[in-house]
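Take a look at the structure below.
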Amino acid sequence: MRVRALLVVVPAVVMSAHVAEAQSWTAAEQVIIDRTIECQQAAVDRNKEVRLGCYHRSYSGWNVNMPVPQGYDQIPAGYERNAPSPGGPTPAGFYIQPLAVRLAGNTATIHYYLYAYFRRPDGTLETRRSRWTALGTWRSRG
């Protein structure tokens, strides 16, 4: 049976991805991780259509840097708010370290660290670290 994630949720702005190899994942869990990376890449590419397709109306996500979880209706505003500013740092890459993936029926939960790398105008790199817990729907397809 081929497993495919239809929807998983994850916000942040960054560039190319690498996943930690320290833990083994089931095929279904790996699909969720891969979808998370795909959605992160869409953010880096500023592909709003693909990025918004990463969210379901039931979306709820919480970054350690946020005072409260955010919902689907807050995504478009956050997308614009996180746009690169002229003369500011530009995305240079990202690394996702998945900590746990849980599947229960058609609900997926992923917990992970996100390391985002930005190039400053002077050429130096800046690292921004965050922790994410994201919930979403998924479905396996045969």
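Where a number appears in this text, it was derived from the coordinates with a stated rule and is not lab data. What you see is a predicted model, and the numbers here were worked out from it, not measured in a lab. FYI the Cβ positions are ideal-geometry reconstructions off the backbone, even for glycines, and counts take in every protein chain you see.
Highest mean packing first, where packing is the average number of other Cβ atoms within 10 Å per residue, the peptides 50-60, 114-124 line up as 50-60, 114-124. Note on Val68, Val101: ascending count of other Cβ atoms within 10 Å places them as Val68, Val101, the fewest first.
Distance between the modelled labels on Ser85 and Met66, one decimal in nanometres: 2.1 nm (7 Å Cα→Cβ projection). For segment 27-137, the normalised intensity computed at q = 0.21, 0.22, 0.23 Å⁻¹ comes to -1.33, -1.45, -1.56 (log10 of I(q)/I(0), Debye sum over alpha carbons, equal scatterers, no solvent).
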